[in-house]
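Just so you know, all these numbers are worked out from the coordinates, no wet-lab data involved. Predicted model only: the values in this text are computed from it and were never measured. No Cβ is skipped: glycine too gets one built from the backbone with ideal geometry, and neighbour counts run over all protein chains shown.
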Amino acid sequence: MTLRSSQDRITPALGIVTLLMMLLGSYFIFKSPPDQNQGDLVRILYIHVPASWMYYLACFGTFVYGLAYLFTRNRRWDRLSAASSEIGILMVGISLVCGMIWSKPTFGQYWVWDDPRLTSTALALLIFIGYFIVRGLIEDPARRARVSAVIGVIGMINVPINYMSVVWWRSIHQGFTVNLLGKVNFKADPSMLLSLILMTLGFTLLFFYFLRLRGILARRLESREDRLLERELKLQGSD
Amino acid sequence: MFGLDKYWVFVVPIYVITILATLAYWGFLLRRLRDTRADDQLEVSEHDRH
């Protein structure tokens, strides 16, 4: 017996935990002190940084699930890869908008094309959108899944380039907010780090909540598509 | 230090945009899930039949 999504208890519970974590994070965001240089503008980073990390997670999800599909040919991995990619569009979109609004009062401009971090993030958005354009163009489900998986795997190359771009090519974008390579380095008020951690946890939970919802939806759409194809084949057979 | 105007012009819109974008996507997913509920039931009954 297949568990129907209406019997699923994990997804609503995950949604409630996500909401609580976001509310807790928001409380600490507004409780934490303003930055010495940026003032209240630092509060933008509590959204921008977690959204950017979630875009990395979405890329990683698209990559891993895509790779799993290529090895196993199980369509479940294709559904999850597409779900991850769709959430990636939302996260990279939030990250870009937050970054642009933060840039204006900080750098004096909303956007500069010669900054590698900004340009490679815009490229990530294009990769995600391209992924769905290609999916929409291919009718055969197996071929669609195969081609999408390849795009997801190749698209992952952009992530380390995007992450390291602030070190490899210095431009207007600031360096690492939290250096994850080697010793963790964060020089600021502890409540700022707490806000960042809580919001990152909140965004991570949001990612998995949306992934579950989108996965259920994809499974239903897939079963509908299969039934339509089956019906079409039956009609062709009877002709 | 930036004044209150910067707070309202730059910080608040970020939160509004993030919340609206998240709610819009969540609403889109829930609406699509409601529209495809019948497919879920069919999928289960077909699975049981096999």
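What to note about this one:
- Peptides A:58-66, B:11-19 ranked from most to least packed, by the mean per-residue count of other Cβ atoms within 10 Å: A:58-66, B:11-19.
- For region A:8-238, a crude dipole built from +1 on the beta carbon of Lys and Arg and -1 on the beta carbon of Asp and Glu, taken about the Cα centre, is about 540 debye to the nearest 20.
- Per residue Cα convex hull volume in Å³ - calculated over region A:8-238: 137 Å³
- Per-residue average of Cβ from other chains inside 10 Å of A:211-221: 4
- From helices alone, the protein assembly as shown scores -27000 deg cm²/dmol at 222 nm; the rule is -39500 (n - 2.57) for each run of n ≥ 4 DSSP H residues, then divide by the residue total.
- Set of region A:37-58 residues, backbone N closer than 20 Å to the point 7 Å along the Cα-Cβ line of B:Ala21: A:41-58
- Two-site FRET efficiency, A:Ile172 against B:Asp35, from Cβ-Cβ distance with R₀ of 35 Å, rounded to 0.05: 0.20
- Counting, for every residue in A:88-101, the Cβ atoms of other protein chains within 10 Å of its Cβ and taking the mean gives 3.
- With the highest mean first, a sort of the peptides A:225-238, A:151-164 on other beta-carbon atoms found within 10 angstrom per residue produces A:151-164, A:225-238.
- Entry note, chain A: relative contact order of 32 percent, from Cα contacts under 8 Å with a spacing of 6+ residues.
- Taking Cβ atoms as reference points and 14 Å as the exclusive limit, the residues near A:Leu137 contribute a net charge of +2, counting Lys and Arg as +1 and Asp and Glu as -1.
- Label-to-label distance for A:Ser238 and A:Ile10 is 4.0 nm, based on points extended 7 Å past Cα in the beta-carbon direction.
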